[in-house]
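The values are calculated or read from the model by the stated rules, or taken from the named source; none is laboratory data. Being a predicted model, the structure only gives us computed values, none of them experimental. Because the Cβ atoms are built from the backbone with ideal geometry, glycine has one as well, and the counts that use them run over all protein chains shown. These area figures cover heavy atoms from the full protein model, side chains too; ligands, DNA and RNA do not enter into them. Shrake-Rupley method; radii C 1.70, N 1.55, O 1.52, S 1.80 Å.
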Amino acid sequence: MTTATPLIEVRGLKKYFGSGERPVRAVDDVSFAIQPGETLGLVGESGSGKSTIGRTVLRLLERTEGQVLYRGDDIGALSGERMRKLRSKLQIIFQDPYASLNPKMRIGAILGEALATHGLHKGAAARDRRIAELLETVGLRAEHASRFPHEFSGGQRQRIGVARALAVEPEFIVADEPLSALDVSIQSQVINLLADLRERLGLTMLFISHDLDVVEYLCDRVVVLYLGKVMEVATTDELFARPAHPYTCLLYTSDAADDTPC
């Protein structure tokens, strides 16, 4: 899974909040690379900086220092217009499916808005065909386009969130704890959907989670974070067979893993 140029490369990324002599160092000198078609897991306790990294990689938050490269180009150095055009290649699935959808808009309008913003599938007929295709891709039906978000379950809303991310045909998706707001009974459905889409569409993903079982199932490699710093980077097989850092073992304990290798 190695290529000359990673799809995404993070170099010495820092994101501090606050000013003065003691800012909050949410992300402190983090580096990793993601190859095309790879799913990289980002794990750590709450407050470790996982979501901040995901949003900074997409430039939803501006970096304090460091670089984020997309196909070798520094995202942070792009002008507003060039960054707007790049947005269609870099998308996010948000953590909370209840808060991420506008309750006053029908699902078709939510998906259509993404298409219109990036000038895709122009014309009502082409737009409606694409919306129907997106809904069917995530396991919903075309007629769901006329409904409002409150008419769906949490799992269905997250499927809509996935459809919105896919609408602009991205190359890279940040999945920011996409299961944490869902009932355990439906989490497996969304996991299987993401795994299927990754294989079918050749997606590259940064999968952010605190659930080690999900990371083991879905990810090719894993970055372990603690207080904004990288503790360990390994393939999934290596990490779950022979974790090298004591903090990784603590995560196994806190995750109540049945078969811990530590």
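Based on protein heavy atoms only, the chain ends up with 48 Å² per residue of surface accessible to a 1.4 Å probe.
Taken one residue at a time, the phi angles of the range 39-52 give Karplus couplings (6.51, -1.76, 1.60, θ = phi - 60°) of 10, 9, x, 10, 10, x, 5, 4, x, 7, x, 4, 5, 4 Hz. Gly and Pro are set to x. Here the chain has an Rg and Dmax of 18.6, 57 Å, counting Cα atoms alone.
Here the Karplus relation 6.51 cos²θ - 1.76 cosθ + 1.60, evaluated at θ = phi - 60°, turns the backbone of the range 9-15 into coupling constants of 10, 10, 10, x, 5, 10, 9 Hz, with x for every Gly and Pro. Taking each DSSP H run with n ≥ 4 as -39500 (n - 2.57) and averaging over every residue of the chain yields -10500 deg cm²/dmol at 222 nm. Note on the chain: with neighbouring protein chains present and a 1.4 Å probe, carbon and sulfur make up 48 percent of its accessible heavy-atom surface. Is the range 74-140 best put as rounded, prolate or oblate by its Cα gyration tensor, with a ≥ b ≥ c the root eigenvalues, rounded for a/c under 1.5, and otherwise prolate when a/b is larger than b/c, oblate when not? Oblate, since a/c reaches 1.5 and b/c is not below a/b. Cys residues of the chain that find no other Cys beta carbon under 4.7 Å: C219. Accessible area of M105 (1.4 Å probe, protein heavy atoms only, ligands and nucleic acids ignored): about 40 Å². Shape verdict for the range 127-209, please, from the Cα gyration tensor: rounded (a/c under 1.5), prolate (a/b greater than b/c) or oblate. Oblate is the answer for the range 127-209, as a/c is 1.5 or above yet b/c matches or exceeds a/b.
Of all lysines in the structure, the ones whose alpha carbon falls short of 17 Å from that of K85, not counting any fewer than 8 places away in one chain, are K122. Gyration tensor analysis over the Cα atoms of the range 1-123 returns equivalent ellipsoid semi-axes of 27, 20, 15 Å (largest first, whole Å).
In order along the range 144-153, phi translates into HN-Hα couplings of 5, 4, 8, 9, 9, x, 5, 8, 10, 6 Hz, rounded to whole numbers, per the Karplus curve 6.51 cos²θ - 1.76 cosθ + 1.60 with θ = phi - 60° and x for Gly and Pro. Accessible surface ranking for T253, T137, 1.4 angstrom probe, highest first: T253, T137.
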